[in-house]
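Report on one structure; see the data block that follows.
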Amino acid sequence: MDEMEEELKCPVCGSFFREPIILPCSHNICLACARNILVQTPDAESPQSSGASGSGVSDYDYLDLDKMSLYSEADSGYGSYGGFVSAPTTPCQKSPNGVRVFPPAVLQPPSQHHLLGHPGSLPPIPRNSCLTCPQCHRSLILDERGLRGFAKNRVLEGVVDRYQQSKTAALKCQLCEKSPKEATVMCEQCDVFYCDPCRLRCHPPRGPLAKHRLVPPAQGRISRRTSPRKISTCTEHELENLSMYCVQCKMPVCYQCLEEGKHGTHEVKALGAMWKLHKGQLSQALNILSDRATEAKEFLVQLRNMVQHIQENGVEFEACLVAQCDALIDALNRRKAQLLTRVNNEHEHKLKVVRDQISHCTVKLRQTTGLMEYCLEVIKENDPSGFLQISDALIRRVHMTEGQWGKGTLTPRMTSDFDLTLDSGPLLQTIHQLDFIQMKVPSAPMLQLEECCTINNSATLSWKQPPLSTIAVDGYILELDDGNGGQFREVYVGTETICTVDGLHYNSTYMSRVKAFNTSGVGQYSKTLAMQTSETGQSPSDMQTLATVAWFTFDPASAHPDIILSNDNLTVTCNSYDDRVVMGNSGFSRGVHYWEITVDRYDNHPDPAFGVARGDVLKDVMLGKDDKAWAMYVDNNRSWFMHNNSHTNRTDGGVNEEATVGVLLDFTRGVLIFLINDEQQGPVAFEGIEGIYYPAVSLNRNVQVTLHTGLPIPDFYTPGEADLSGSVC
C-alpha cells in the first residue's frame with residue numbers, strides 16, 4: 001500500500017487529505033487548502049461579464065483557456081460550480097508536491113473553527129472569488145454558494161482513514177484486563193483481537209470454536225467494518241439523500257432536484273444500479289491495468305537482469321580488452337627481442353671484421369718494417385760484389401711488399417655506422433587507429449521453403465538473409481544430420497545461398513540447418529528443416545513428397561502483441577477479450593502434414609479457430625475473417641469452416657477442456673481436413689490448397705491451447721484418397 005500514499009496527499013499542503021472536495025476537473029483538494037488559494041477577481045472578470053476571459057492571461061500560458069462555464073448549461077439549469085475561466089495575473093508558487101499554487105487572496109484568515117470542517121459556519125466567500133486547480137491549473141469563478149457548491153469526496157476520505165489506521169501502532173488484545181498485550185490473531189466470527197494467552201484461554205481450538213477462522217491482525221483490520229456506510233446528502237438540498245444518478249451530468253442527484261426540473265430532459269437511473277455498473281467497469285479496467293502492471297513488473301525484472309548482464313559483460317569485456325592489449329604488448333616485446341638480436345649480430349659482425357683487418361695489417365706492417373731495416377743494413381755494406389749478389393732479390397721483395405699495400409689495403413672494410421633504421425611509422429599509425437568496430441555476428445538465415453526439395457537421394461536447400469538485415473556476411477555453413485537423428489555435420493562452407501547434397505540414403509529423413517559467419521563470429525542457426533528422401537529411385541514427376549517440416553512451434557515474432565506464449569512457445573493464450581492470431585514458425589509448401597492442438601482451458605464458451613494462413617494474415621480478427629486464412633472455428637456444440645468471412649459446413653460436435661483438434665494438410669491433393677478427438681469433423685474443409693501456408697490459431701483470454709507436432713498421419717487417411725463426401729449446412 002505504500003505506493004498508494006501519493007494518491008492520498010493534497011497537492012497544496014502535501015499532507016493527507018482532510019475533508020477533500022472534488023473540483024469540476026475531477027481533481028481533489030482539502031477544503032481548508034481551497035480557502036487558502038482563493039483569489040478575488042475584479043467585477044469585470046465575472047463569468048456573467050463579457051470580459052470573462054480577461055486580458056491578464058498572457059503571463060500564464062500553462063493555464064487551460066477553454067471556457068467550460070456551467071452557467072451556460074441552459075438545458076439543465078444546473079450551475080453548481082461556476083465556470084472555468086482564465087486565472088488572474090497573480091504570481092504563483094510551488095506546493096510541497098511540486099505543483100503550481102496560487103497564493104491566497106488578501107482576505108480575513110479563517111478561524112480554526114472554520115478549518116476543522118464546519119461548512120455551515122464558513123465565513124462568506126468574497127464576491128467573484130476565483131479558485132485555480134493546483135494540478136491542471138484550470139480556474140473557475142465560485143457562485144454564491146462558494147466552496148459548499150463542491151461535492152465532498154467521502155470515498156477518498158474513507159480510504160485515507162483506513163490507510164492511516166493501517167499505519168498506526170500494533171493492535172492490542174481486547175480481552176487483557178490490565179495492560180493489553182499486542183494482538184496476534186483476530187477471529188472473523190467473534191470479531192475480537194486476541195493475544196496468545198487470551199486466545200488459548202478464551203478461544204480454544206475445539207468444539208464449535210474450532211470452525212472459526214483466525215487471521216493476522218492486519219488482515220482482520222482491513223476486513224473489519226467498524227461503522228456503517230455514511231448516507232450521502234445532496235449539495236443543493238442538504239436534507240435530501242442522494243438516490244438517483246444523472247447520466248448526462250455524471251453526478252448523483254436527489255428527488256427534489258428532479259422535482260425542480262433541473263434534470264428533466266436527462267436520463268436518470270437508480271443510484272444503486274449505477275454504483276454496481278461503474279464498479280464493474282472499474283473492475284474490468286483494473287483487470288486490464290493489472291495486466292499492464294504485471295507486464296511492467298516483468299519488464300522491470302528484465303531491465304534489472306539487463307543491469308546485471310551489463311555489469312557482467314562489462315567486466316568480461318574489460319578483461320578481454322586487457323588480454324588483447326597484453327597480447328599486443330607481448331607480441332611487441334617479442335619483436336623487440338628479435339630486432340635487438342639483429343642489432344647485436346650486426347654489432348658483433350662489425351667488430352669481427354675490423355679486428356680481423358687490424359690483425360692482418362699489424363702482421364704485414366711488422367713484415368714490412370723488418371724488410372726495411374734489413375735493406376738499410378745491406379746498403380751500409382762496402383762490398384760491391386757481395387751487394388750485387390743480393391740486390392736484385394731485395395729490390396723484387398721491396399716492390400712486392402710495396403705492392404701488397406696497394407689500393408684498398410689501407411681502406412676500412414667496415415663502417416662504424418649501423419645501416420639499420422626501424423620503420424615504426426606504420427605500427428604507430430596502427431596503434432593510433434586501434435579502436436572498436438561495431439560489426440556484429442550475422443542474423444540467422446531464412447530457409448526458402450519453396451526452393452527446398454528432395455529428388456531421389458539428393459536434397460537441395462536454398463536460403464537468404466533476413467530482409468532488414470544490414471550485417472555483412474562472409475559465408476554460410478550448411479549442416480545435415482546422418483538421416484537417423486544423429487549428430488549434425490558440415491556439408492558445405494562457402495558464399496553461395498543454394499546447395500545440392502548428393503549421395504544421401506533412400507527413405508530417410510535428414511534434418512538440415514544453416515548459419516552465417518563473418519569476421520566477428522558465427523551467427524545463430526536457421527530453423528531446422530526435415531528433408532525426406534524417396535523410398536526408391538524415382539523421376540521428379542513421380543515424387544509426392546518434396547519437403548516436409550516435421551517439428552515446429554508458435555512464432556512469437558509474428559504473433560499479435562496480446563498473445564502470451566509459454567512452454568517453449570508450444571502453449572498459447574491471450575490477454576485480450578478479442579480474438580488474436582498466432583502462427584507457426586515454419587511454412588509448408590509440399591508434402592502431407594499433420595499436427596494436433598489440445599485445449600488446456602476453455603471458459604465462457606469462446607470460439608477458438610484452427611487452421612492455416614498466409615504470412616500476411618490479419619492478426620487482430622478471428623482466423624478466417626480475411627482471404628489469407630482457411631480455418632475451422634468451434635464452440636462447445638458445433639463447428640464451422642470459414643474463409644474470407646464465409647461460414648460453411650456447420651457440423652455438430654464441439655470442444656471442451658482436454659479436447660484435441662487435429663489439422664491435416666495434404667499438398668498432394670491440395671486439401672485441408674480437420675479432426676476433433678481423432679474423428680474427422682465434417683467433410684474436407686477446403687480444396688485447391690497450394691502455395692506456402694503456416695499453421696495458425698486464433699483465440700482470446702478465455703482459451704489456452706498447446707501444440708503437438710511431429711505426429712504421424714492418422715490411420716484413416718491415405719494421401720491421395722481423401723474422403724471428399726459431405727453435406728453443406
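Put the Cα centre of region 18-40 next to the Cα centre of region 551-599 and the gap is 54 Å. Looking at region 379-423, the trypsin sites (Lys or Arg not before Pro) that sit in a DSSP loop and have at most 15 other Cβ atoms within 10 Å of their own Cβ are Lys380, Lys407, Arg413. Extension gain, Leu200 to Met251, is 13.2 nm, computed as 0.36 nm per intervening residue step minus the present C-alpha separation.
Using the Cβ-Cβ distance between Gln311 and Thr668 with R0 set to 60 Å, the FRET efficiency works out to roughly 0.60. The modelled label-to-label distance between Glu377 and Glu7, using points 7 Å beyond Cα along the C-beta direction, is 13.1 nm.
Remark on Tyr492: its backbone amide H falls under 5 Å from those of Leu478, a criterion applied only to residues 5 or more positions apart or on other chains, H modelled at 1.01 Å from N. Modelled spin-label separation between Gln367 and Arg292, with each label point placed 7 Å from Cα along the Cα-to-Cβ direction: 11.0 nm.
Rounded to the nearest whole Hz, the Karplus-based 3J(HN,Hα) values (6.51 cos²θ - 1.76 cosθ + 1.60, θ = phi - 60°) of region 493-509 follow the sequence 9, x, 9, 6, 10, 8, 8, 10, 10, 9, x, 7, 6, 6, 6, 9, 10, with x at glycine and proline. Inter-label distance, Arg638 to Leu422: 9.3 nm, where each label sits 7 Å from its Cα along the C-beta direction.
Rounded to 0.05, the FRET efficiency of the Val441 and Trp275 pair, given R0 = 45 Å and the Cβ-Cβ distance, is 0.15. Relative protection proxy for 398-406, 238-246, from highest mean packing down: 238-246, 398-406 (other beta-carbon atoms within 10 angstrom). For a paramagnetic label modelled on Asp603 (point 7 Å from Cα along Cα→Cβ), amide N atoms under 13 Å away belong, within region 278-303, to 284, 287-288, 291.
The accessible area of His309, taken with all protein chains in place and a 1.4 Å probe, comes to roughly 100 Å².
Whole-Hz Karplus values for region 279-284 come out as 5, x, 5, 5, 4, 5 Hz, taken residue by residue from phi with 6.51 cos²θ - 1.76 cosθ + 1.60 and θ = phi - 60°; glycine and proline positions read x.
Both radii were evaluated on the Cα set of region 320-462; the Rg over Rh quotient, with Rh as the Kirkwood radius, amounts to 1.56. Ranked from largest to smallest solvent-accessible area, with a 1.4 Å probe on the protein heavy atoms, Trp630, Trp275, Trp595 come out as Trp275, Trp630, Trp595.
Which net charge results when you count Lys and Arg as +1 and Asp and Glu as -1 among the other residues whose beta-carbon is under 10 Å from that of Pro445?
Details: positive: Lys464, Arg513, Lys515, Lys527; negative: none.
Taking every Cβ under 10 Å from that of Pro445, the sum is +4.
For region 672-719, the carbon plus sulfur part of the accessible surface works out to 42%, probe radius 1.4 Å. Protection proxy ranking, highest mean first, for peptides 584-594, 385-395, 148-158: 584-594, 148-158, 385-395, where packing is the per-residue count of other beta-carbon atoms within 10 Å, averaged.
In this structure the amide hydrogen of Val192, modeled in the peptide plane, comes within under 5 Å of the amide hydrogens of Cys187, none closer than 5 places in sequence on its chain. In the full protein context, region 590-667 carries 38 Å² of accessible surface per residue, based on a 1.4 Å probe and ignoring ligands, DNA and RNA. The H on the amide N of Val253, modeled in the peptide plane, is under 5 Å from the matching H of Ser243, Met244, Tyr245, Cys246, each at least 5 residues off or on a different chain. Remark: region 598-603, residue by residue, has Karplus-estimated 3J(HN,Hα) of 9, 8, 7, 9, 8, 10 Hz, where x stands for each Gly or Pro and the curve is 6.51 cos²θ - 1.76 cosθ + 1.60 at θ = phi - 60°. A simple count of charges around His560, restricted to other residues whose Cβ falls under 12 Å of its Cβ and scoring Lys, Arg +1 and Asp, Glu -1, yields -3.
The values are calculated or read from the model by the stated rules, or taken from the named source; none is laboratory data. Being a predicted model, the structure only gives us computed values, none of them experimental. Backbone-built Cβ (ideal geometry, glycine too); neighbour counts: all protein chains shown. Only protein heavy atoms, including side chains, enter the accessible area calculation; ligands, DNA and RNA are left aside. Shrake-Rupley method; radii C 1.70, N 1.55, O 1.52, S 1.80 Å.
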